[in-house]
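Only the coordinates and a few stated rules stand behind these numbers; no lab work does. Note that this is a predicted model, so its numbers are computed, not measured. Here the Cβ positions follow ideal geometry from the backbone for every residue, glycine too, while neighbour counts run over all protein chains shown.
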Amino acid sequence: MLTSTFCHIKGIGSVLERRLWANGVCSWKDVLAGIRPAGLKRCMAALTGGVEESQRELLNGNACYFQDRLPVDQHWRIFPHFMDATGYLDIETSGTGERDYITTIALYDGTKVHCYVQGHNLEEFVHDIRLYKVIVTYNGKRFDVPRLERYFDVSLNQVHLDLCPLLRSVGLHGGLKACERRLGITRGELDGLDGFWAILLWRDFFFNGNPRALETLLAYNVEDVLHLEALMVFAYNQKAAQTPVGAEYQLPLPAAKSNPFKADLETIARLRAHAACCRL
């Protein structure tokens, strides 16, 4: 989709971009091949220079070049060209207050899962996240990334695709798990667990020394990032399909991935019973 994009070039807005598509200028190749539609010749010189520069930046793997020039609601177009350099990211915290800290981080690259745990290897995240040019989150612009930047005193300058507003723009509303259900994605033994469970599981591990609680917490955290990939591909396909040129840029949905961690049903049942007693 990016190679059919013109609205990042100075002087080319979304209306003119659609006029170009309607007049047979559907890709950068068309511009460089010398197609000059009647009535649009005046913009073609600037367009040619912009396309040549865009090709160079794409070849150099400069994702931020396009992020800096595209309207925010068009950043999704960057995704397929940088899938091999995309990290799906989610964090869990010890609570919801400003003084609460990051407990676990899950990072998935489409092939391998990386996990970081407070008191064990959390600091390694800062090095590893630099390997990615694009990060995908759900509500990460409001929660995950600000928390990470404050905690580690760093700036995460990658292209950031937040699925929360992106999925809403294609008709999927609600939280992450509601969006998953709409697409038929299930969590198996983790169904019914929400963010509050991440807090309970950390407390059970941290205060009671229960390693199965940590295993369950990591399973919950990782489940989020595994599903972000499928949701991102779905959202991208929906957005591309809304354009006249999007049919040729559709991506296959990724195959379901297995979670390397396993939830402990006994721990979940015990914490559920304890929470029920506390409400009585």
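Values as computed for the structure displayed
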{"read-out": "Two-site label geometry, A22 and H173: point separation in nm, points 7 Å out along Cα→Cβ", "value": "3.1"}
{"read-out": "Under the Karplus curve 6.51 cos²θ - 1.76 cosθ + 1.60, θ = phi - 60°, whole-Hz ³J(HN,Hα) for the range 13-30, x wherever Gly or Pro sits", "value": "x, 5, 5, 5, 4, 5, 5, 4, 4, 5, 9, x, 9, 9, 7, 4, 4, 5"}
{"read-out": "Residue-by-residue Karplus 3J(HN,Hα) for the range 68-85, coefficients 6.51, -1.76, 1.60, Hz, glycine and proline x", "value": "5, 10, 7, x, 4, 6, 10, 4, 4, 5, 6, 3, x, 7, 10, 4, 6, 10"}
{"read-out": "Percentage relative contact order, the range 96-135, counting C-alpha pairs under 8 Å, at least six apart", "value": "27"}
{"read-out": "Computed [θ] at 222 nm, helices only, for the chain once each DSSP H run of length n ≥ 4 contributes -39500 (n - 2.57)", "value": "-14000 deg cm²/dmol"}
{"read-out": "Among D90, D194, D264: highest mean-square fluctuation, GNM of the chain, C-alpha pairs under 10 Å", "value": "D194"}
{"read-out": "Helix 41-59 axis, angle to the chain major axis (alpha carbon atoms, nearest 10°)", "value": "40"}
{"read-out": "Restricting the range 59-126 to trypsin sites (Lys or Arg not before Pro) in coil, as DSSP defines it, with at most 12 other Cβ within 10 Å", "value": "R99, K112"}
{"read-out": "With at most 12 other Cβ atoms within 10 Å, longest stretch of the chain clear of loop GluC sites (Glu not before Pro) (DSSP)", "value": "124-280"}
{"read-out": "Added length on full extension, which subtracts the Cα-Cα distance from 0.36 nm per residue, N60 to L253", "value": "66.8 nm"}
{"read-out": "Euclidean distance between Cα centres, the range 1-33 to the range 220-280, Å", "value": "34"}
{"read-out": "Lys/Arg +1, Asp/Glu -1 at C-beta; the chain dipole; positive extreme among F79, T103, A269", "value": "F79"}
{"read-out": "Under Karplus coefficients 6.51, -1.76 and 1.60, residue-wise ³J(HN,Hα) of the range 193-209 in Hz, glycine/proline x", "value": "8, 10, x, 5, 5, 4, 5, 4, 5, 5, 5, 5, 6, 5, 8, 9, x"}
{"read-out": "For Rg and Dmax of the Cα atoms in Å, calculated from these coordinates, the label among [x] 19.9, 68; [y] 21.8, 75; [z] 21.6, 69", "value": "[y]"}
{"read-out": "Charge dipole (debye, nearest 20) of the chain; +1 at Cβ of Lys and Arg, -1 at Cβ of Asp and Glu", "value": "1020"}
